[in-house]
Amino acid sequence: MKTILVTGSNGLLGQKLTDLILAENHFRLVATGRAADRYPAGGEYQYSEMDMLDAKSVRETVTSFQPDVIIHTAAMTNADQCEQDPVAAELANVRAVETLVSICAEFNIQFIFLSTDFVFDGKNGPYTELDVPGPLNVYGHNKLEAEEIIKNSTAKWVIIRTILVYGVIADGSRGTIVSWAKNALEKGEVIRVVNDQWRMPTLAEDLARACLLAVKKDAHGVFHISGNEYLSIWELVIRIADFWKLDKSLIQRISASSLSQPAARPEGTGFILEKAYNELGYRPHTLEEGFALLEQQMLNIKN
Ligand SMILES: NC(=O)c1ccc[n+]([C@@H]2O[C@H](COP(=O)([O-])OP(=O)(O)OC[C@H]3O[C@@H](n4cnc5c(N)ncnc54)[C@H](OP(=O)(O)O)[C@@H]3O)[C@@H](O)[C@H]2O)c1
């Protein structure tokens, strides 16, 4: 039985990986996070505190658990925070990757890295894996630099780029666009939503499944993983309102230029998913299937 070590297991993708790995029962799981386990799932797995910025702790953890695979989900993921603190962003999003990938090369561990559509400039999406990146912000630059380090290493690597991930995170520590829009509309609040940025939103469970497909297929290379519907953020919020039968008149269309966000965002990203379909057997859920799953999970949390 292969051992998979997951970094960032308290995060959105980390939690979904824990659920999926435990449900499948094909792999031994070592979940790691920078502090205590905030997602104590029922089932057999080990948890270890591991701050990815502490190279000594990373080496000790990896050598003690001897994983066959590391799925590296941990990152500084907020693009605006990265813009405001580029030094911390580089440590988390580049230097920590450098440490991990060199250990993977040394011990012949498959390294699965999570990257982003923000490596592209958003001028001519949807993108294939062969399209030329051109990041617009610090977060995108960090992820691209990490990709280059990985590609130049001798480790067996997979880079999974993804887009606007949504899902239910158990301790509610952070929301995603679905919970943000749903909660505000339920309270009758007017929300301003950009209508000049286009994305292909990704269900967190689909992303977790894609990571495990990469393990099972012993994949190598770059893969684009997202949902298969291309729409503006405003259209996405309309679909959320339709699904939960909320008042769409509260949703105001705005241009991204009217928001003073520290990090510039690409206009239209989106991915061509053929490679993931053909080489991994990846099949994403539709948005409404994703919303239905979230609805069930939200009800379970309430009860
Ligand atoms: N979410 C998206 O829309 C999106 C889009 C494109 C790409 N991605 C990429 O996909 C991956 C997973 O994203 P996500 O949505 O699951 O992110 P997330 O929910 O923000 O989780 C990131 C995790 O990283 C952990 N972390 C941060 N600094 C750490 C450190 N020094 N040592 C150990 N752990 C640390 C955080 O720990 P705490 O919980 O303790 O803070 C958090 O649990 C990331 O690499 C992200 O860049 C995400």
Tally up the residues in segment 117-141 that are of a type in the set (Gly, Ala, Ser) and open to solvent by less than 10 Å² (accessible area, probe 1.4 Å), please.
2
Among what's in segment 61-80 and is polar (S, T, N, Q) and surrounded by 17 or more Cβ atoms within 10 Å (Cβ to Cβ), pick the residue that is nearest to the chain's Cα centre (by Cα).
73
So which residues in segment 29-60 are among the hydrophobic types (A, V, I, L, M, F, W, C), open to solvent by less than 70 Å² (accessible area, probe 1.4 Å) and at pLDDT 95 or above, if there are any at all?
29, 30, 31, 50, 52, 55, 58
Considering segment 104-116 alone, what residues qualify as being surrounded by 19 or more Cβ atoms within 10 Å (Cβ to Cβ) and either more than 11 Å from the ligand (Cβ to nearest atom) or modelled with pLDDT under 95 (or both)?
104, 109, 110, 111
Just a yes or no: is a residue in segment 223-232 open to solvent by 60 Å² or more (accessible area, probe 1.4 Å) and touching an Asp or Glu at 6+ places or on another chain (Cβ under 8 Å)?
no
Which residue pairs have Cβ atoms closer than 7 Å, lie 6 or more positions apart in sequence or on different chains, and pair a first residue in segment 189-210 that is farther than 14 Å from residue 117 by Cβ with a second residue that is among the charged types (D, E, K, R) and crowded, with 21+ Cβ neighbours inside 10 Å?
204/16; 205/16; 208/16
If we keep just the residues of segment 244-287 that are aromatic (Phe, Trp, Tyr) and touching a residue at least 24 places away in the same chain (Cβ under 8 Å), which is surrounded by the most Cβ atoms within 10 Å (Cβ to Cβ)?
271
Residue ID - surrounded by the fewest Cβ atoms within 10 Å (Cβ to Cβ), chosen from residues in segment 146-178 that are polar (S, T, N, Q) and away from the ligand (no atom under 13 Å from the Cβ)
152
If we keep just the residues of segment 3-25 that are without any contact (Cβ under 8 Å) to a residue 40 or more places away in the chain and either of a type in the set (Asp, Glu) or open to solvent by 20 Å² or more (accessible area, probe 1.4 Å) (or both), which is farthest from residue 63 (Cα to Cα)?
23
Name the residue that is farthest from the ligand (Cβ to nearest atom), counting only residues in segment 10-60 that are outside any loop (DSSP other than H, G, I, E, B) and among the basic types (Lys, Arg).
28
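With of a type in the set (Val, Ile, Thr) and more than 21 Å from residue 274 (Cβ to Cβ) as the only criterion, which of 112, 150 stands out? Steps first, please.
Numbers: 112 fails: more than 21 Å from residue 274 (Cβ to Cβ).
It is 150.
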Just give me the residues in segment 267-289 being in contact with a Phe, Trp or Tyr (Cβ under 7 Å, 6 or more places away or on another chain) and in a helix (DSSP H, G or I), in sequence order.
275, 276, 280, 288
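The values are calculated or read from the model by the stated rules, or taken from the named source; none is laboratory data. All of these numbers come straight from a predicted model, not from anything done at the bench. Note that we place each Cβ from the backbone using ideal geometry, even for glycine, and neighbour counts take in every protein chain shown. When the accessible area is computed, the model is the full protein with side chains, heavy atoms only, and any ligands, DNA or RNA have been set aside. Shrake-Rupley method; radii C 1.70, N 1.55, O 1.52, S 1.80 Å.
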